[in-house]
Every structure is written in structure tokens, then in C-alpha cells.
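**Q** Structure in C-alpha cells, see below.
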Amino acid sequence: MTGHVYQLKNRQNTFLVVPNAADFKAVPPELAGQIGEVVPFKTIDLDHPAPLVGADPMEIRKEIEAQGFSLVAIAFSIVSHKA
């Protein structure tokens, strides 16, 4: 399964993943209103079990199969390493 990833313009590090490019009909209207504008980010292969940064592709796939989309928020933390 291919996942088309869109970045939310109004929420940093939050992404909407849908199985078909620019097809957001599975997203409920009230959620679509909260999501606002999205920008194409990348296309990913959800059949490959390798972990993505901050997200499990198998979990994203399960959500898409269950509800037609996946909304992913990624939390980053900066860790310093001393040499």
C-alpha cells in the first residue's frame, strides 16, 4: 500500500496520510475543518516494515484500512552527545 503524506500548514510536525493522492473524502468534515490546508510532503511504501521517523508504517496502514486516513503527530527532541 502506498501512503501519500501531506503536512498540515497550521500544525508543525503533523501529517495526514491517505492511500490515494489528494483524496481526502474519508476525513470527516469536522476534522477536515480543524486540519485546514495541507501541503504534499512525500509518498511512502506502507508495505515495508522499516520504521519511519516517529511513526510505525504498520500502524499507519491499520488506521488507513480502518478509517481511510491516518493523522500522525511527530514529537522531536534534541539530544546532545559529547565526544
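The values are calculated or read from the model by the stated rules, or taken from the named source; none is laboratory data. All values derive from a computational prediction rather than experimental measurement. Cβ sites come from the backbone with ideal geometry, for glycine too, and all protein chains shown count toward neighbours.
**Q** How many residues does region 50-67 hold that are under 21 Å from residue 9 (Cβ atoms) and either loosely packed, with under 13 Cβ neighbours inside 10 Å or modelled with pLDDT of 95 or more (or both)?
**A** Of the residues in region 50-67, 2 are under 21 Å from residue 9 (Cβ atoms) and either loosely packed, with under 13 Cβ neighbours inside 10 Å or modelled with pLDDT of 95 or more (or both).
**Q** Return only the number of the condition from (1) exposed (fewer than 13 other Cβ atoms within 10 Å of the Cβ); (2) over 10 Å from the mean Cα position of the chain (by Cα) that residue 74 does not satisfy.
**A** (2)
**Q** Residue 21 - would you say it is surrounded by fewer than 16 Cβ atoms within 10 Å (Cβ to Cβ) and small (Gly, Ala, Ser)?
**A** It is true that residue 21 is surrounded by fewer than 16 Cβ atoms within 10 Å (Cβ to Cβ) and small (Gly, Ala, Ser).
**Q** Restricting the search to region 2-28, which residues are over 14 Å from the mean Cα position of the chain (by Cα) and at pLDDT below 95?
**A** 10 - this is the single residue of region 2-28 that is over 14 Å from the mean Cα position of the chain (by Cα) and at pLDDT below 95.
**Q** So, one more: Which one is surrounded by the most Cβ atoms within 10 Å (Cβ to Cβ), of the residues in region 29-49 that are at pLDDT 90 or above, of a type outside the set (Gly, Ala, Ser) and more than 13 Å from residue 4 (Cα to Cα)?
**A** Restricting to residues being at pLDDT 90 or above, of a type outside the set (Gly, Ala, Ser) and more than 13 Å from residue 4 (Cα to Cα), the top hit is 35.
**Q** Could you tell me which residue of region 1-55 is nearest to residue 67 (Cα to Cα), considering only residues that are in contact with a Phe, Trp or Tyr (Cβ under 9 Å, 6 or more places away or on another chain) and β-branched (Val, Ile, Thr)?
**A** By that ranking, first place goes to 27.
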